[in-house]
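S.K.: Okay, handing you the structure first.
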Amino acid sequence: MLRIAPSVLSADFGSLAEAVGEVAPEADWLHVDVMDGHFVPNLTIGPPVVASLRKHSGLFFDCHLMMTNPGDFLESFRHAGADGCTVHVEVGDTSALLAQAKSLGLRAGLAINPETPYEAIEPFLAEADLILCMTVHPGFGGQQFMAEVLPKIARTRAELDRRGLGAELEVDGGIDEDTAGAAVRAGARVLVAGSAIFSADHPWEATRRLRLAGEKALPGGQGDGAK
């Protein structure tokens, strides 16, 4: 199965609920990028915005915590309506953070930056519900896809499959109709896209086109566009 997760980082924050509602019929998850101005050089949103959005959407909220101290906020995000929270391996205390997320009933994700080697996440593959390979440097939307990350995605997929682990493999950064196929062929099954969706004239249609582009790259499939 392929999942499409529009990223609200590229949506119009002045009409966020409407933007989410427009893509909801074609989306599987909603990706919420949380930046603290310290781990990454940008500030975005926090639990209050997630709580506000939850009133308007029943989508799975996939919250990506680009934060130095995510453990201080996991409970707040859960109460706000997050379904999953992803922390960065670069922060440290990885096992404790994943366990904390799970104890709160969250799906526990683990992200890795482009320059961080695969070996940093390998010890934690069995502890995570999701692995997020960043295909841009985190902090800002609209960046170009970094093809040099593809071998890391492929290696992660191979190890997950070899060990029979159920963690989903997600990619985020520069994903559009042109790059989705490469990410899927490398093994990704959750595609996060911001600019490619919310900068389009019809975001719902862009979401559907992205799904079709990804499904064509699935093993043996041309895809029918069904979620």
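S.K.: What shape does region 130-227 take by its C-alpha gyration tensor, where a ≥ b ≥ c are the square roots of the eigenvalues and a/c under 1.5 counts as rounded, a/b above b/c as prolate, and the rest as oblate? Walk me through the intermediate numbers first.
M.R.: On the way: a/c = 2.08, a/b = 1.27, b/c = 1.64.
Oblate is the answer for region 130-227, as a/c is 1.5 or above yet b/c matches or exceeds a/b.
S.K.: Cα-Cα over 28 Å: which of K152/K216; K55/K152; K102/K216? Mind showing how you got there, number by number?
M.R.: Details: K152/K216 21 Å; K55/K152 37 Å; K102/K216 34 Å.
In this structure, K55/K152; K102/K216 exceed 28 Å between Cα atoms.
S.K.: Beyond 27 Å, how much of the Cα-Cα pair distribution for the chain remains, as a whole percent? Show your work: numbers first, answer last.
M.R.: Values: 6456 of 25651 pairs.
Every Cα pair in the chain considered, those over 27 Å come to 25 percent.
S.K.: Another question, if that's okay. Restricting to DSSP H runs of at least four residues, report the calculated mean residue ellipticity at 222 nm for the chain, -39500 (n - 2.57) per run over all residues, nearest 500 deg cm²/dmol.
M.R.: Value at 222 nm, helices only: -8500 deg cm²/dmol.
S.K.: Cα-Cα pairs above 16 Å in region 115-173: how many percent? Present the calculation step by step, with values, prior to reporting the outcome.
M.R.: Details: 702 of 1711 pairs.
So the pairs more than 16 Å apart make up 41 percent of the total in region 115-173.
S.K.: Which three extents, in whole angstrom, do the alpha-carbon atoms of region 36-142 cover along their principal axes, largest first?
M.R.: Largest to smallest, the principal-axis extents are 40, 32, 23 Å.
Read-outs: derived from the displayed coordinates by stated rules, not from any lab. Predicted, not measured: the structure shown is a model, and the values here were computed from it.
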